[in-house]
Amino acid sequence: MGSVFPIITVPPDAPEYDEPIRTKEEEAFWFHEQNLGLCLYKEARLNTGEDWAEKIASELCTFLRLPHAEYDLATYNGKRGTISRSFVPEGGTSIVGIEVLARLVPDYPTNARDLSRHTIDIVFNALNDSSVQLPMDWTPPEGIKTAVDVFVGYLLLDAWVGNSDRHHQNWGLIQYKGLSAKVQTTYLAPTYDHGSCLGRELPDEKRLLKLNNGSVEGYVTKCPSYFYAKVEGDKRKLKTFEVFREVAGRYPDAASVWLEYLAKVSLSDTLDLFRRIPSDRISETAIKFAQKVLELNQNRLLDLRNIQ
């Protein structure tokens, strides 16, 4: 097992400007960290587990070889949270999904809370644009050639950890024109903002009850995504597993690559990560529950290899 993950203390006078995409209940701001450069601090709301869930999810991305925002545990004014280094280069521009889709889809809702047109078809049509390149400064695994291939991996991650927050502000693109470049290039952004996963929202009493009565499986099968089945007619949110199963059918080669990486991850590997979270930030019950979520979802996902 590795050493306990460090906790970075954010100075009281650190904030430089607020993060515009945040909820009213959380503090989130950009600042310059002496070793990491420009970073985003996000407060973990009390008793939500958002900090450890975000950290674990980012570490799981490393197992899968997914390009991802890197998160560290942090404290600010005595409150717990995370910091993540900006993945947008100086001179670059971040464009979140709602902006991407509004440019391409007539009448796409401009209200960030309206996700009624956030469907697999609409999102993947946007990412299929040949101008969208692989994430910057990232070496893809063999067999991963396009931005769509990479996004398939993001959706596998969501299905594995039970990330219910992949809405149109939690994925995006980066536009960048280097000093020597004559034209601006568009890249898929790394995956980011995975704090709504691994049952982090449940109190220990409910986790323990589900562990004892065998209902964790029911919990994971109900995990919703922010992808809708259709624009018209069927208005239900797809489950995270349903989303990946659908895109795996459309892009089987890419799905096979990410599933093979998933197959290499053991419960011992993931438990080592949880053991590196300081014990005052995560309980033993939360660890057991999250481990069960990963085990059940991993088995369901790997079963897809038999039907592709």
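Given the stretch 222-290, what helices (runs of 4 or more DSSP H) lie entirely inside it while holding 2 or more residues that are over 19 Å from the mean Cα position of the chain (by Cα) and of a type outside the set (Gly, Ala, Ser)?
Values: elements: 240-250, 252-263, 267-275.
So the answer is 252-263, 267-275.
Which members of the stretch 82-102 meet the condition of being in contact with a Phe, Trp or Tyr (Cβ under 6 Å, 6 or more places away or on another chain) and either among the polar types (S, T, N, Q) or on the phi > 0 side of the Ramachandran plot (or both)?
Within the stretch 82-102, Thr82, Ser84 meet the criteria.
Could you tell me which residue of the stretch 89-120 is nearest to Gly37 (Cα to Cα), considering only residues that are free of Cβ contacts under 8 Å to residues at least 40 places away in the same chain and surrounded by 14 or more Cβ atoms within 10 Å (Cβ to Cβ)?
Within the stretch 89-120, the subset free of Cβ contacts under 8 Å to residues at least 40 places away in the same chain is 90, 102-111, 113-114.
Next, only the ones that are surrounded by 14 or more Cβ atoms within 10 Å (Cβ to Cβ) stay: 102, 105, 108-109.
On the way: Ala102: 31, Val105: 36, Tyr108: 35, Pro109: 35 Å.
Checking each candidate, the answer is Ala102.
Since every read-out is calculated from the coordinates, none of them should be taken as a lab result. The structure presented is a predicted model; accordingly, all values stated were derived computationally and were not measured. Cβ coordinates were reconstructed from backbone atoms using ideal geometry, including for glycine residues, and neighbour counts include every protein chain displayed.
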